[in-house]
Amino acid sequence: MKLFFSPDQLRHRPTQYGVHGRLVRPLENPDRAQTLTDTLGRLGLAAHEPADHGLAPILAVHADHYVEFLRTAFAEFTALPNAGPEVLPNVHPYAAGVAGLGARGRPRTTGILGRTGWYIGDLSCAMTEGTYAAAYASAQTAASAALDVAGGARASFALCRPPGHHAYVDRASGFCFFNNAAIAAQVLRSRFARVAILDFDTHHGDGTQAIFYARPDVLVASTHTDPSAYYPHYFGYAEERGEAEGDGFNLNVPLAFGSDDTAFTSAVGTLVDAVAAFGAEALVVSAGWDAHHADPLSKLAVTTPAYGAIAERIAGLGLPTVIVQEGGYSLEAVAEAAPLFTQRFVAGHR
């Protein structure tokens, strides 16, 4: 199995993250990627530089005007009088609070402050001078891993940083700018008729859900912490099953605060069963390690061995698979969970 990663993904170095009424140092930082390359490297997975596939795989998922905003936002924002060091929103339209399906269209406002509030959904997506380059490289990592699998590889690991599953067609949120899992799934669709995305993370992948919510060709199945009092708050509920042609092709298994290994592995088992019933020909795994009890954002009681157990269940599907890195903010937990999952997955994948 190849591991794809670009050093350009380290260029996103924000210093501000808004949480509980405070601006603090971001939990999503370059140390996460360094920890993963080190620990996965010890399994024999040397990082391969992703090829540059241009904007095509990104624009297959994201609106062109949103991509252009991300490309130009830092220069425009920092040209404002008394501008801060990073791009952060301070106003949002009412429509920005409603996910909807697909792009919402271009904002009427042309000012950088208005466009920032339109395209950035929260205070976890501070943009620095290197953010666009890092997000672009992360998307290329996902595309390269997916093309590797579409070309015949049994599995590939896309070490995506920044992560992606909270990114919508035209909105950044939750540390995410481009939806890497969605990009990978769309690339896989060039060869496979039915693709599934299996997302295990302490947070619901609301962006991924929205992108495919009306589509019958991509199943999105997620387990995550109950969002009724937890990010992303507004989406991730069990009754969200898809819409129009996508009705029945979205599955959420929310977990109550304090859920343990048994509940977590059972939930992933439910997702695995759904992927099999869907008849998926290829799989994208949105892999988050932040359900681990040691993670600073976790409200669950999941321990390291659970990641080995779910790896075996997922590997048992025997599908061509792209593993896409999502959350995980305790470096110690990441260093335990990610290699154990990868090792067990590779051993069980036939």
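Below, the figures for the structure above:
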| quantity | calculated |
| --- | --- |
| Selection count where residues are assigned to a strand (DSSP E or B) and either basic (Lys, Arg) or touching a residue at least 60 places away in the same chain (Cβ under 8 Å) (or both), scope the range 293-334 | 5 |
| Filter result for Thr202 (in a helix (DSSP H, G or I) and either modelled with pLDDT under 95 or within 13 Å of the chain's Cα centre (by Cα) (or both)) | no |
| Residue tally, condition crowded, with 24+ Cβ neighbours inside 10 Å, under 16 Å from His224 (Cβ atoms) and in contact with a Phe, Trp or Tyr (Cβ under 6 Å, 6 or more places away or on another chain), over the range 296-350 | 5 |
| Residues (surrounded by 14 or more Cβ atoms within 10 Å (Cβ to Cβ) and part of a loop (DSSP other than H, G, I, E, B)) located in the range 244-260 | Phe249, Ser259, Asp260 |
| Among residues of the range 100-141, those that are hydrophobic (A, V, I, L, M, F, W, C) and more than 13 Å from Phe177 (Cα to Cα), counted | 5 |
| Candidate set: the range 201-221, residues that are in contact with a Leu (Cβ under 8 Å, 6 or more places away or on another chain) and in contact (Cβ under 8 Å) with a residue 40 or more places away in the chain; chosen: the one surrounded by the fewest Cβ atoms within 10 Å (Cβ to Cβ) | Ala214 |
| Phe278, sole failed condition from (1) out of contact with any helix residue (DSSP H, G or I) (no Cβ under 9 Å at 6 or more places or on another chain); (2) modelled with pLDDT under 95 | (2) |
| Residue within the range 183-200 that is hydroxyl-bearing (Ser, Thr, Tyr), more than 21 Å from Gly84 (Cβ to Cβ), touching a residue at least 24 places away in the same chain (Cβ under 8 Å) and buried (at least 24 other Cβ atoms within 10 Å of the Cβ) present | no |
| Residue check, Asp52 in a loop (DSSP other than H, G, I, E, B), modelled with pLDDT of 95 or more, loosely packed, with under 14 Cβ neighbours inside 10 Å and charged (D, E, K, R) | yes |
| All positions within the range 148-175 that are of a type in the set (A, V, I, L, M, F, W, C) and more than 10 Å from the chain's Cα centre (by Cα) | Val149, Ala150, Ala153, Ala155, Phe157, Ala158, Leu159, Val169, Ala172 |
| Close pairs from the range 139-163: first farther than 11 Å from His48 by Cβ, partner part of a helix (DSSP H, G or I) and aromatic (Phe, Trp, Tyr), Cβ under 9 Å, at least 6 apart | Ala155/Phe345 |
| Restricting the range 100-123 to residues that are within 20 Å of Tyr213 (Cβ to Cβ) and surrounded by fewer than 20 Cβ atoms within 10 Å (Cβ to Cβ), the residue that is modelled with the highest pLDDT | Gly105 |
| Selected residue [assigned to a helix (DSSP H, G or I), under 22 Å from Gln209 (Cβ atoms) and among the small types (Gly, Ala, Ser)] from Ala75, Ala135 | Ala135 |
| Selection count where residues are farther than 16 Å from Ser286 by Cβ and among the hydroxyl-bearing types (Ser, Thr, Tyr), scope the range 303-335 | 3 |
| Extreme residue, nearest to Trp289 (Cα to Cα), among residues of the range 234-256 that are among the hydrophobic types (A, V, I, L, M, F, W, C) and out of contact with any strand residue (DSSP E or B) (no Cβ under 7 Å at 6 or more places or on another chain) | Ala256 |
| Residue match in the range 157-174 (condition: more than 14 Å from Gln325 (Cα to Cα), touching a Pro at 6+ places or on another chain (Cβ under 6 Å) and crowded, with 24+ Cβ neighbours inside 10 Å) | no |
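The values are calculated or read from the model by the stated rules, or taken from the named source; none is laboratory data. Just so we're clear, the structure is a prediction, and the values are computed from it rather than from any experiment. As a convention, Cβ positions derive from the backbone with ideal geometry for all residues, glycine included, and neighbour counts pool all protein chains shown.
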